[in-house]
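Read through the structure below, which is laid out as structure tokens, and then see the notes.
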Amino acid sequence: MRRRHILGLVLVTAISVAALVAAFPVGAQQRVILRFSDWHLTEDVWNKSLTEGIAIFEKRFPHIKVQTEPVSYREKETKYTVESAAGKAPDVMHLHAFSLPAFYEKGYALDLTPFIEKEGKGFLDAWYPLPLELVKYKGRVHAMPGDYMTMVLVCNTDMVNAAGVSPEKFPATWEGFLDFAKKATKPGQQWGLGMVGAKDPGFSLRFSPFLWTFGGDYLTADLKRSALDTPEAKEAFAYFVELSSNHKVVPPGATSANPQDVRTQLAHKKIACEIGSGWTAPIVNKINPDLRAFEVLRAYPLPVKKKRATAIWLSSWIIGPNTKHPNEAWELMKFITSKEMELKWFKDNRVTSSRKDVSGVAPEILNDKFAKVIAAELPYGKVEPQIREWPEIMDVFTGAVQEALTGAKTADRALADAHSRINAILARRR
Amino acid sequence: MCLSVATARSTSIRTGYLFVLPALLLLLAVLGFPALWSLGLSFRAEGRDGFSLEQYRLLLEDSLFHQTFWNTGLLVGLSVAAHLGLGLAVALPLNLPLRGQATLRLVALLPWVVPDVVAGIIWKWLYNPLNGALNDVLVRLGLLTTPLDWLGAGHLPLVSVILANVWRGFPFVMLILLAGLQAIPRERYEAASIDGANALQRFRHITLPGLRKMLVVSLALDTVWEVRRFGLIQAMTQGGPGNLTEVLSTLVYKQYFAFFRFEYASAIAVVMAAVLLIVSLPYIRMISQEE
């Protein structure tokens with residue numbers, strides 16, 4: 001009887017210990033699950049790269065499990081806005097720069113300043129100054145910079161040669177480019193330039209260089225009024241529209257073509273050139289490996305009219321305002337933007353980094369035929385106005401471009417209407 | 001005896017309410033609460049607390065809202081009319097005792113089974129001016145000499161969206177009308193034939209009056225569906241080119257999620273809900289009269 005009691009006691013103790021061990025894993029450290037969301041998770045090349053990166057992170061931080069949440073590029077703001085408003089946003093999210101002001105103002109991006117201060121003085125010295133400026137709101141850092149690239153012209157050198165132009169002497173002005181585009185166009189079969197004209201976040205990156213190189217701008221310097229009534233803006237707008245309407249050097253259907261459509265046209269030799277960046281060659285290569293994109297494609301600085309300029313692409317990472325694991329989320333963010341990982345993102349995806357100690361020194365970048373052109377353009381890079389109303393302004397502007405492209409309005413009328421509507425939007429802000 | 005019948009009846013009613021309660025609570029949570037929240041938001045000025053009619057004033061002044069309202073009316077009016085015409089035209093033969101009737105009915109229903117966004121993507125591909133199937137077929141048939149930019153030339157985009165929408169939505173109307181046709185007694189047609197009525201007369205004096213209620217039901221429900229149509233247009237044009245295909249649902253989405261103007265988006269949504277309520281009144285009245 002007594003033996004049975006002892007046996008029972010041992011059994012109960014063993015079960016209790018087992019239950020305790022199960023409840024509190026090794027090291028008595030609770031396993032934290034971080035929700036990580038990024039549009040790149042929907043893209044083959046990037047997804048593989050990110051999955052590898054996350055595996056390295058989980059190995060280094062065994063108590064953190066990263067749960068990935070793919071989102072489409074176009075729908076990310078919708079998803080994050082709704083989730084943030086409901087207090088259910090992912091712990092770490094990826095955004096492009098021009099969405100940031102709206103997220104800052106709505107309180108949807110956690111203030112990272114306390115974490116940065118803990119890292120010690122000089123932590124941010126590794127980054128270029130411009131991206132750092134863009135991630136600050138009211139003097140506080142609310143995001144960490146990610147990819148940092150300029151938009152360049154990416155051309156198929158075989159098609160450039162076939163048009164009778166030497167790839168070594170590619171036109172450096174818009175007039176010269178138009179001549180080339182005409183030579184490269186065979187009506188109904190192939191065209192000189194792929195044009196993104198859809199209402200897509202990628203539109204402004206590809207249109208802005210036209211406006212800026214012609215000496216125009218969207219808004220006045222104080223960001224209070226539209227600057228689309230200047231002769232330079234009118235000239236740039238007309239040039240862009242006429243590429244399609246008069247010269248017909250872009251494929252039909254520009255108003256519904258998004259960046260991926262245009263990359264597909266490049267991959268299938270429908271167009272000779274497109275405005276792209278570091279991501280272009282890997283994606284085109286994935287669409288059509290037979291093209292041998294890395295060999296055939298070549299990057300050129302964007303042609304110039306009055307001044308050299310291009311658009312800057314910057315992606316940024318934010319931490320959800322309601323995260324239950326801010327410290328772990330910061331660890332993940334620090335890891336993603338570390339020197340080691342930024343170099344990996346470049347090697348895998350050909351995107352250059354906002355870190356000086358990567359983009360400015362890594363031989364892999366400095367010797368890459370695409371990256372070196374992209375990096376050389378950084379001093380001429382410009383960002384779109386960082387104001388909350390920017391998405392609305394860009395919607396109006398893209399609409400005007402579409403109206404001119406479809407012939408619903410003349411270029412002058414469409415631009416004048418956009419000018420008035422943008423002023424009305426800015427007046428509401430004032 | 002009377003008392004026990006009354007008690008049983010009252011218990012039965014209570015049980016009935018209890019069964020309905022979970023659904024009612026769910027509806028209140030997922031529809032009632034957000035609707036009231038949006039209504040409240042629409043009466044607030046951006047960035048300020050307190051009651052305000054600011055958003056409704058902005059609505060009255062906003063030319064984009066006016067154009068969108070007109071676009072929505074055009075899209076809904078033409079789509080619903082086409083749905084009725086095509087739905088009836090397809091329902092009539094499907095009501096005949098044909099061989100393979102079940103398969104034909106299934107095929108006619110297919111567009112309705114396709115999700116809205118998928119339908120939008122399919123039509124965007126079909127309309128593609130570079131390698132779209134529609135241009136290819138029309139050029140091969142000699143109906144076109146050069147491919148058309150269906151989603152980007154002049155006023156064609158709205159027509160193209162309506163065409164896709166007609167394909168997407170007609171099976172719903174067809175289904176309702178087919179049910180109505182099946183409910184008309186065969187004897188009426190036989191009697192009319194014996195009396196010497198021709199097909200047109202039978203259609204005019206038997207089919208149409210027999211379908212009256214179903215026509216009202218399909219008209220009301222289809223109008224409500226079409227005012228809310230979002231995925232198809234968003235996937236095809238995102239309201240473009242310009243604002244040519246912008247409708248109320250895409251405008252609300254844009255104002256809310258792209259421009260972060262929650263209050264203004266709510267005001268548009270409230271106007272949209274009011275319009276839908278007005279449209280559904282004949283249907284609601286008809287249902288109430290039947291009860």
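The values are calculated or read from the model by the stated rules, or taken from the named source; none is laboratory data. Everything quoted here is computed from the prediction, not taken from an experiment. So basically every Cβ, Gly included, is an ideal-geometry build from the backbone, and we count neighbours across all protein chains shown.
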Just the residues that are surrounded by fewer than 13 Cβ atoms within 10 Å (Cβ to Cβ) and either in contact with a strand residue (DSSP E or B) (Cβ under 9 Å, 6 or more places away or on another chain) or within 14 Å of chain A (Cβ to nearest Cβ) (or both), please, taken from segment B:63-108.
B:SER63, B:HIS66
Residue that is over 22 Å from A:GLU43 (Cβ atoms) and either within 14 Å of another protein chain (Cβ to nearest Cβ) or in contact (Cβ under 8 Å) with a residue 12 or more places away in the chain (or both), where the choices are A:LYS347, A:LYS305
A:LYS305
Selection from segment B:52-62 of residues that are of a type in the set (S, T, N, Q) and either within 19 Å of B:GLY242 (Cα to Cα) or away from chain A (no Cβ under 13 Å) (or both):
B:SER52
Scan segment A:63-110 for residues that are of a type in the set (D, E, K, R), within 19 Å of B:TYR253 (Cα to Cα) and in contact (Cβ under 8 Å) with a residue 12 or more places away in the chain and jot them down.
A:ARG74, A:LYS76, A:GLU77, A:LYS79, A:GLU83, A:LYS106
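Matching residues to (1) over 20 Å from B:LEU86 (Cβ atoms); (2) away from chain A (no Cβ under 14 Å); (3) surrounded by fewer than 21 Cβ atoms within 10 Å (Cβ to Cβ); (4) not polar (S, T, N, Q):
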| position | (1), (2), (3), (4) |
| --- | --- |
| B:ALA199 | no, yes, yes, yes |
| B:ILE206 | yes, yes, yes, yes |
| B:GLY210 | no, yes, yes, yes |
| B:MET214 | no, yes, yes, yes |
| B:SER218 | no, yes, no, no |
| B:ILE233 | no, no, no, yes |
| B:GLN238 | yes, no, no, no |
I'd like to check something: does segment B:9-27 contain any residue that is free of Cβ contacts under 8 Å to residues at least 12 places away in the same chain and outside any helix (DSSP H, G or I)?
no
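Conditions tested, residue by residue: (1) in contact with a strand residue (DSSP E or B) (Cβ under 6 Å, 6 or more places away or on another chain); (2) within 15 Å of B:GLY73 (Cα to Cα); (3) not charged (D, E, K, R).
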site	(1), (2), (3)
B:ASP195	no, no, no
B:ALA199	no, no, yes
B:GLY210	no, no, yes
B:TRP225	no, yes, yes
B:THR237	no, no, yes
B:LEU244	no, yes, yes
B:VAL252	no, no, yes
B:TYR264	no, no, yes
B:TYR283	no, no, yes
Assess whether A:PRO391 counts as being more than 14 Å from chain B (Cβ to nearest Cβ), assigned to a helix (DSSP H, G or I) and not hydrophobic (A, V, I, L, M, F, W, C).
no
Selected residue (criterion: farthest from the other protein chains (Cβ to nearest Cβ)) from residues of segment B:147-185 that are under 26 Å from A:GLU403 (Cβ atoms) and of a type in the set (Gly, Ala, Ser):
B:ALA164
Which number in (1) within 14 Å of chain B (Cβ to nearest Cβ); (2) over 28 Å from A:LYS306 (Cβ atoms) marks the one condition that A:PRO363 misses?
(1)
For B:LYS254, the lone unmet condition from (1) facing another protein chain (nearest Cβ under 10 Å); (2) assigned to a helix (DSSP H, G or I); (3) modelled with pLDDT under 90 is (3)
Restricting attention to segment A:28-82, which residues are closer than 15 Å to A:LEU332 by Cα and of a type in the set (Val, Ile, Thr)?
A:VAL32, A:ILE33, A:THR51, A:ILE54, A:ILE56, A:ILE64, A:VAL66, A:THR68
Anything in segment A:368-388 that is within 14 Å of chain B (Cβ to nearest Cβ) and not charged (D, E, K, R)? List them, or say none.
A:ILE387
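One residue is enough: does segment A:204-218 have a residue meeting the conditions under 30 Å from B:LEU158 (Cβ atoms) and within 14 Å of another protein chain (Cβ to nearest Cβ)?
Yes, because at least one residue in segment A:204-218 is under 30 Å from B:LEU158 (Cβ atoms) and within 14 Å of another protein chain (Cβ to nearest Cβ).
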Restricting the search to segment B:220-231, which residues are within 14 Å of chain A (Cβ to nearest Cβ) and assigned to a helix (DSSP H, G or I)?
B:GLY231
Of everything in segment A:360-373, what is surrounded by 19 or more Cβ atoms within 10 Å (Cβ to Cβ) and farther than 18 Å from A:ALA281 by Cα? Give them in sequence order.
A:ALA362
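Take segment A:405-420 and flag every residue that is over 27 Å from the mean Cα position of the chain (by Cα), within 11 Å of another protein chain (Cβ to nearest Cβ), at pLDDT 95 or above and buried (at least 20 other Cβ atoms within 10 Å of the Cβ).
Hit for segment A:405-420 is A:ALA414, nothing else.
Condition check ((1) in the same structural domain as A:GLU403 (by TED's automatic domain parsing); (2) in contact (Cβ under 8 Å) with a residue 60 or more places away in the chain; (3) on the phi < 0 side of the Ramachandran plot; (4) of a type in the set (D, E, K, R)) across all residues:
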{"position": "A:PRO252", "(1), (2), (3), (4)": "yes, no, yes, no"}
{"position": "A:ALA267", "(1), (2), (3), (4)": "yes, no, yes, no"}
{"position": "A:ARG292", "(1), (2), (3), (4)": "yes, no, no, yes"}
{"position": "A:ARG298", "(1), (2), (3), (4)": "yes, yes, yes, yes"}
For A:LYS372, state whether it is without any contact (Cβ under 8 Å) to a residue 60 or more places away in the chain and not assigned by TED's automatic domain parsing to the domain that holds A:ALA221.
yes
Counting only residues that are exposed (fewer than 12 other Cβ atoms within 10 Å of the Cβ) and of a type in the set (Lys, Arg), how many does segment B:24-55 have?
1
Counting only helices (runs of 4 or more DSSP H) entirely within segment A:191-304, those with at least 3 residues that are under 23 Å from the mean Cα position of the chain (by Cα) and either surrounded by fewer than 21 Cβ atoms within 10 Å (Cβ to Cβ) or of a type outside the set (Val, Ile, Thr) (or both) are A:202-213, A:259-267, A:280-287
Do you know which residues across segment A:217-238 are of a type outside the set (Ser, Thr, Tyr) and more than 17 Å from A:GLN402 (Cα to Cα)?
A:ASP217, A:LEU219, A:ALA221, A:ASP222, A:LEU223, A:LYS224, A:ARG225, A:ALA227, A:ASP229, A:PRO231, A:GLU232
Of the listed residues (A:THR337, A:THR323, A:THR398, A:THR352), the one being over 13 Å from A:TYR148 (Cβ atoms), β-branched (Val, Ile, Thr) and more than 13 Å from every other protein chain (Cβ to nearest Cβ) is A:THR323
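Can you tell me how many residues in segment A:309-324 are in a loop (DSSP other than H, G, I, E, B) and within 30 Å of A:ALA236 (Cα to Cα)?
First pass over segment A:309-324, keeping only residues in a loop (DSSP other than H, G, I, E, B): A:309, A:320-324.
From what is left, the residues that are within 30 Å of A:ALA236 (Cα to Cα) are A:309.
Total meeting the criteria: 1.
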